[in-house]
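Trainee: The structure under discussion is supplied below as structure tokens; questions concerning it will follow.
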Amino acid sequence: MTEVARLTLLSHGMTDAMAEGRFPADEPLNAIGRRQVEAMGGAACSAQRWLCGPEQRTRQTAKLLGLQAESEPRLADLDCGRWRGEVLAALPPGELEAWLAQPGAAPHGGESIADLISRASQWLESLTAKPLRTVAVTHPALIRAAIVAALDIAPASFWRVDVEPVTRVVLHFRGGRWTLRL
């Protein structure tokens, strides 16, 4: 029988940056985000390994869920470089268009979508070496990238995956490939 790696990805709760349409910094959950996470309860806590991104909002989400999660740098949010904290509407239109249309572009000086997908892919690969049941609290962008990597779809598909706060995504690795479970 083939061993199966089971991965549950949890998106952190709402933050002020999300509510205001700003690129994230290292902000905490807002009151809505805390309520969202508390309403989720311990529904996704059955695991052998608990991980979270290094940012405040992921650590806070994990704590509210009662998880003793280990910080994993590869679960960090997309590095938006000089756009960090900026409102989407304030960005130079040409730079924004390039970023949205070209997965390899990083006009903000941070990480491109292609780089984020590569990071997510490498992290997913690391989970297959020792198949365990893992819960990871992370960011919508990282979850999108993990789905794109797991399903081996075109990087341009990144923008077609919508991940809301406190979304749960389940992936299984068996027989050399990942599957998405809805």
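The values are calculated or read from the model by the stated rules, or taken from the named source; none is laboratory data. What you see is a predicted model, and the numbers here were worked out from it, not measured in a lab. In this analysis, Cβ positions are derived from the backbone assuming ideal geometry, glycine residues included, and neighbour counts consider all displayed protein chains. Side chains included, ligands, DNA and RNA excluded: accessible areas come from the protein's heavy atoms. Shrake-Rupley method; radii C 1.70, N 1.55, O 1.52, S 1.80 Å.
Trainee: How many of the residues making up segment 162-177 are open to solvent by less than 30 Å² (accessible area, probe 1.4 Å) and over 21 Å from ARG35 (Cα atoms)?
Mentor: Qualifying residue count for the region: 2.
Trainee: What is the residue count in segment 43-68 for residues that are out of contact with any His (no Cβ under 9 Å at 6 or more places or on another chain), over 21 Å from LEU116 (Cβ atoms) and not hydroxyl-bearing (Ser, Thr, Tyr)?
Mentor: Residues flagged as out of contact with any His (no Cβ under 9 Å at 6 or more places or on another chain), over 21 Å from LEU116 (Cβ atoms) and not hydroxyl-bearing (Ser, Thr, Tyr) within segment 43-68 amount to 13.
Trainee: Looking only at residues that are of a type in the set (A, V, I, L, M) and either farther than 24 Å from LEU29 by Cβ or open to solvent by 10 Å² or more (accessible area, probe 1.4 Å) (or both) in segment 119-133, which one is farthest from the chain's Cα centre (by Cα)?
Mentor: ALA129
Trainee: For residues in segment 1-18 being at pLDDT below 95 and open to solvent by 40 Å² or more (accessible area, probe 1.4 Å), which is farthest from ARG144 (Cα to Cα)?
Mentor: Applying the filter and picking the extreme gives MET1.
Trainee: Within segment 134-154, which residues are outside any helix (DSSP H, G or I) and either modelled with pLDDT under 95 or buried (at least 21 other Cβ atoms within 10 Å of the Cβ) (or both)?
Mentor: VAL135, ALA136, VAL137, THR138, HIS139
Trainee: What are the residue pairs meeting all of these: first residue in segment 1-28, first residue more than 24 Å from LEU127 (Cα to Cα), second residue among the basic types (Lys, Arg) and surrounded by 19 or more Cβ atoms within 10 Å (Cβ to Cβ), Cβ atoms under 7 Å, and 6 or more apart or on different chains?
Mentor: So the pair list comes out as THR15/ARG57; GLU27/ARG57; PRO28/ARG57.
Trainee: Looking at GLU38, is it more than 15 Å from the chain's Cα centre (by Cα) and not aromatic (Phe, Trp, Tyr)?
Mentor: Here the answer is yes, as GLU38 does meet what is asked.
Trainee: Go through segment 99-155 and report how many residues are over 20 Å from SER11 (Cβ atoms), polar (S, T, N, Q) and touching a residue at least 60 places away in the same chain (Cβ under 8 Å).
Mentor: Of the residues in segment 99-155, 1 are over 20 Å from SER11 (Cβ atoms), polar (S, T, N, Q) and touching a residue at least 60 places away in the same chain (Cβ under 8 Å).
Trainee: In addition: Given (1) under 27 Å from PHE173 (Cα atoms); (2) assigned to a helix (DSSP H, G or I), where does GLN36 come up short, assuming only one miss?
Mentor: Exception for GLN36: condition (1).
Trainee: Against the conditions (1) open to solvent by less than 20 Å² (accessible area, probe 1.4 Å); (2) more than 28 Å from GLY175 (Cβ to Cβ); (3) at pLDDT 95 or above; (4) not polar (S, T, N, Q), where does LEU67 fall short? Just the number, please.
Mentor: (3)
Trainee: Follow-up. Which condition number in (1) open to solvent by 50 Å² or more (accessible area, probe 1.4 Å); (2) assigned to a loop (DSSP other than H, G, I, E, B) is the one that TRP50 fails?
Mentor: Of everything listed in (1) open to solvent by 50 Å² or more (accessible area, probe 1.4 Å); (2) assigned to a loop (DSSP other than H, G, I, E, B), TRP50 misses just condition (2).
Trainee: Still on this structure, please answer the following. Could you go through segment 95-113 and let me know if any residue there is open to solvent by 60 Å² or more (accessible area, probe 1.4 Å), under 29 Å from VAL37 (Cα atoms) and part of a helix (DSSP H, G or I).
Mentor: No, segment 95-113 contains no residue that is open to solvent by 60 Å² or more (accessible area, probe 1.4 Å), under 29 Å from VAL37 (Cα atoms) and part of a helix (DSSP H, G or I).
Trainee: Would you point out which residue out of VAL87, VAL37 is open to solvent by 40 Å² or more (accessible area, probe 1.4 Å) and among the β-branched types (Val, Ile, Thr)?
Mentor: VAL87
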